[in-house]
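A.B. asks: First, the structure itself, so that you have it in front of you.
The values are calculated or read from the model by the stated rules, or taken from the named source; none is laboratory data. Just so it is clear, the model here is predicted, and its values are computed rather than measured. In this analysis, Cβ positions are derived from the backbone assuming ideal geometry, glycine residues included, and neighbour counts consider all displayed protein chains.
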Amino acid sequence: MMNQGNRIIFHIDVNNAFLSWEAVDRLKRGEELDLRTVPSVIGGDEESRHGIVLAKSMQAKKFNVTTGEPLYSARRKCNNLVVVPPRHHVYAKASKELMNMLKQYTPVFQQYSIDECFLDFTNMERIYPDILKLAYDIKDKVYSQFGFTVNVGIADNKLLAKMASDFTKPNKVHTLFSKEVKEKMWPLPIERLFMVGKATLLKFSKLNIHTIEDLANYDADILEEKFHKYGIMIRQYANGIDDSPVVEEKPEDLKSISNSTTTSIDITNYNDGRLVIMSLAETVAARLRESKYCCRLVAVTIKDSNFKKSSKQLKFLNPTDSTNDIIDISCRLLKELWNGKPIRLLEVRVGSLCFERFNQLSLLENNKVDEKNKNIDSAIDKIRKKFGNKSIFRAGFINTDISPMAGKDEQENKS
């Protein structure tokens, strides 16, 4: 275990990233209007008046415009809304320039998404004796060099650093050390806690859990009974506990590993869907370990009998290559995603890949159970490699027509 109290972690998050990058690029090209100063959004096709809001300005937020809502709905809230189409190549370029600058501060760097990253300054006191000053220097340099703003969260673990950067915006520096959790984090509504989504929020409400403090002090056994491994983990998060390392990305251009299958008959009940998801996750997890990767993202995609596709993903702090972890998350995503309509295709995908050696702890387990699971995964991999994929499988597949390792052997995305 890391000594959490001695760690210094920064989380840097671009304020309104896509819209800020769009605004800066347009100003550089000679446009007079700064999209950040007016009600504006990025999304859809302005001429056809279709699409959804991908990003919004602070001014648009004042009209209760929300990310993900249809453009026609956003326009009804704000008649003079400025809508511009997305230009992802511009955002990718801005992101790369920012990350390259931030990498110069510490060798322990992790890009978490296109607009956020973690920097580990642990044991660098001689180089950076004043951490708070360093945070302000980084924030101000980003603005002077690139023209957009960031928030910086400072803490002794990644979870708290990410929570801190999400406090008041924009262009702010916040601390949230473990000793500050009760004062700064516990009073917040439960939906502000990392990895609490809409579906979980409704379940927490039924348990009379409304604040992070409510969750932090809730009976651990009840949470485990109702939410299984997720219940254990999210209660730890509510108490500010996180031991995930700042990990570097794989240098290769492999982005994800996935597995999908089109079923011969429609899947009409959750148990059959769960079995298919389990079989897909088995193959994905095995390929992940064979490639010596760990993942920090799991995604599930389904296509119904009308060929309508929908997807849901979960990104987490602690990397994993555990079959059990990937199955548990995939089944949870399926349950949240599926509306009951017959399913024809299912896919499990893992992404945000990183080096295997940084997988210090399983995503949801303690050390002893984690080591046991690793040994089990390793033994199963060896047996299947020697005797074939059907030589060992889960008992739940007995007396079913569902293959215990369905789908294609592998699909690797290198784009």
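A.B. asks: Look through the range 202-243, keep the residues that are in contact (Cβ under 8 Å) with a residue 60 or more places away in the chain and among the hydroxyl-bearing types (S, T, Y), and return whichever of them is nearest to I326 (Cα to Cα).
C.D. replies: Y230
A.B. asks: Can you find a residue in the range 277-292 that is in a loop (DSSP other than H, G, I, E, B), in contact with a helix residue (DSSP H, G or I) (Cβ under 9 Å, 6 or more places away or on another chain) and either charged (D, E, K, R) or closer than 27 Å to M195 by Cα (or both)?
C.D. replies: Residues of the range 277-292 that are in a loop (DSSP other than H, G, I, E, B), as a first pass: 291-292.
Still in the running and in contact with a helix residue (DSSP H, G or I) (Cβ under 9 Å, 6 or more places away or on another chain): 291-292.
Keeping just the survivors that are either charged (D, E, K, R) or closer than 27 Å to M195 by Cα (or both) gives 292.
Checked the range 277-292: at least one residue is in a loop (DSSP other than H, G, I, E, B), in contact with a helix residue (DSSP H, G or I) (Cβ under 9 Å, 6 or more places away or on another chain) and either charged (D, E, K, R) or closer than 27 Å to M195 by Cα (or both).
This table checks each residue for (1) touching a His at 6+ places or on another chain (Cβ under 6 Å); (2) surrounded by 13 or more Cβ atoms within 10 Å (Cβ to Cβ); (3) assigned to a helix (DSSP H, G or I).
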residue: E180; (1), (2), (3): no, yes, yes
residue: E191; (1), (2), (3): no, yes, yes
residue: T200; (1), (2), (3): no, yes, yes
residue: L215; (1), (2), (3): no, yes, yes
residue: Y218; (1), (2), (3): no, yes, no
residue: I222; (1), (2), (3): no, no, yes
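A.B. asks: Can you tell which of I209, I234, I138, I154 is among the hydrophobic types (A, V, I, L, M, F, W, C) and over 23 Å from Y112 (Cα atoms)?
C.D. replies: Selected residue: I209, the only one of I209, I234, I138, I154 that is among the hydrophobic types (A, V, I, L, M, F, W, C) and over 23 Å from Y112 (Cα atoms).
A.B. asks: Same structure, new question: Could you please find all residues in the range 123-178 being more than 19 Å from the chain's Cα centre (by Cα), outside any helix (DSSP H, G or I) and among the charged types (D, E, K, R)?
C.D. replies: Listed by number, the residues that qualify are E125, R126, D130, D156, K169, K172.
A.B. asks: Please list, ordered by first then second residue, the pairs with beta carbon atoms under 9 Å, 6 or more apart or interchain, first in the range 275-304 and within 15 Å of P319 (Cβ to Cβ), second surrounded by fewer than 21 Cβ atoms within 10 Å (Cβ to Cβ) and among the small types (G, A, S).
C.D. replies: Close Cβ pairs (under 9 Å, with a partner that is surrounded by fewer than 21 Cβ atoms within 10 Å (Cβ to Cβ) and among the small types (G, A, S)) amount to R289/S378; C295/S256; C295/G351; R296/G351; L297/S256; L297/G351; V298/G351.
A.B. asks: Looking at the structure I just gave you, is L188 under 24 Å from M58 (Cβ atoms) and touching a helix residue (DSSP H, G or I) at 6+ places or on another chain (Cβ under 9 Å)?
C.D. replies: Answer is yes for this residue.
A.B. asks: Shifting gears a bit: Inspect the range 103-126 for any residue being touching a helix residue (DSSP H, G or I) at 6+ places or on another chain (Cβ under 7 Å), surrounded by fewer than 21 Cβ atoms within 10 Å (Cβ to Cβ) and at positive phi and give the result as yes or no.
C.D. replies: no
A.B. asks: Of all residues in the range 61-101, which are assigned to a helix (DSSP H, G or I) and among the hydrophobic types (A, V, I, L, M, F, W, C)?
C.D. replies: Within the range 61-101, L71, A74, V90, A92, A94, L98, M99, M101 meet the criteria.
A.B. asks: Continuing with this model, one more query. Take the residues in the range 202-213 that are in a helix (DSSP H, G or I) and in contact with a helix residue (DSSP H, G or I) (Cβ under 7 Å, 6 or more places away or on another chain); name whichever of them is nearest to N318 (Cα to Cα).
C.D. replies: If we take residues in the range 202-213 being in a helix (DSSP H, G or I) and in contact with a helix residue (DSSP H, G or I) (Cβ under 7 Å, 6 or more places away or on another chain), then I212 is nearest to N318 (Cα to Cα).
A.B. asks: Could I ask something else about it? State which residue pairs qualify: first residue over 17 Å from R36 (Cα atoms) and acidic (D, E) and inside the range 70-98, second residue at pLDDT 95 or above and part of a helix (DSSP H, G or I) in any location, beta carbons under 7 Å apart, and separation of 6 or more residues or different chains.
C.D. replies: Listed by first residue and then by second, the contacts come to E97/F146.
A.B. asks: Looking at the range 137-148, can you tell me whether even one residue there is touching a helix residue (DSSP H, G or I) at 6+ places or on another chain (Cβ under 6 Å), assigned by TED's automatic domain parsing to the domain that holds P170 and modelled with pLDDT of 95 or more?
C.D. replies: Within the range 137-148 (the criterion being touching a helix residue (DSSP H, G or I) at 6+ places or on another chain (Cβ under 6 Å), assigned by TED's automatic domain parsing to the domain that holds P170 and modelled with pLDDT of 95 or more), the answer is yes, since at least one residue qualifies.
A.B. asks: Got at least one residue in the range 36-48 being at pLDDT 90 or above and in a helix (DSSP H, G or I)?
C.D. replies: Yes: one or more hits.
A.B. asks: Could I ask something else about it? May I ask you to list the residues in the range 146-200 that are hydroxyl-bearing (S, T, Y) and within 25 Å of P245 (Cβ to Cβ)?
C.D. replies: S165, T175, S178
A.B. asks: If you take the residues in the range 322-354 that are in a strand (DSSP E or B) and touching an Asp or Glu at 6+ places or on another chain (Cβ under 8 Å), which one is surrounded by the most Cβ atoms within 10 Å (Cβ to Cβ)?
C.D. replies: If we take residues in the range 322-354 being in a strand (DSSP E or B) and touching an Asp or Glu at 6+ places or on another chain (Cβ under 8 Å), then I343 is surrounded by the most Cβ atoms within 10 Å (Cβ to Cβ).
A.B. asks: In the range 160-188, what residues are closer than 17 Å to T211 by Cβ and touching a Ser or Thr at 6+ places or on another chain (Cβ under 8 Å)?
C.D. replies: The answer is L160, W186, P187, L188.
A.B. asks: Moving on to the next point. What number goes with the only condition from (1) touching a helix residue (DSSP H, G or I) at 6+ places or on another chain (Cβ under 7 Å); (2) of a type in the set (S, T, N, Q); (3) farther than 26 Å from I154 by Cα; (4) surrounded by 14 or more Cβ atoms within 10 Å (Cβ to Cβ) that T67 does not pass?
C.D. replies: (1)
A.B. asks: Still on this structure, I have one more. Given the condition touching a helix residue (DSSP H, G or I) at 6+ places or on another chain (Cβ under 8 Å), farther than 28 Å from V152 by Cβ and without any contact (Cβ under 8 Å) to a residue 60 or more places away in the chain, answer yes or no: does some residue in the range 30-38 qualify?
C.D. replies: Here is the first cut: in the range 30-38, the residues touching a helix residue (DSSP H, G or I) at 6+ places or on another chain (Cβ under 8 Å) are 33-38.
Next, only the ones that are farther than 28 Å from V152 by Cβ stay: 33.
Next, only the ones that are without any contact (Cβ under 8 Å) to a residue 60 or more places away in the chain stay: 33.
Taking every residue of the range 30-38 in turn, at least one turns out to be touching a helix residue (DSSP H, G or I) at 6+ places or on another chain (Cβ under 8 Å), farther than 28 Å from V152 by Cβ and without any contact (Cβ under 8 Å) to a residue 60 or more places away in the chain.
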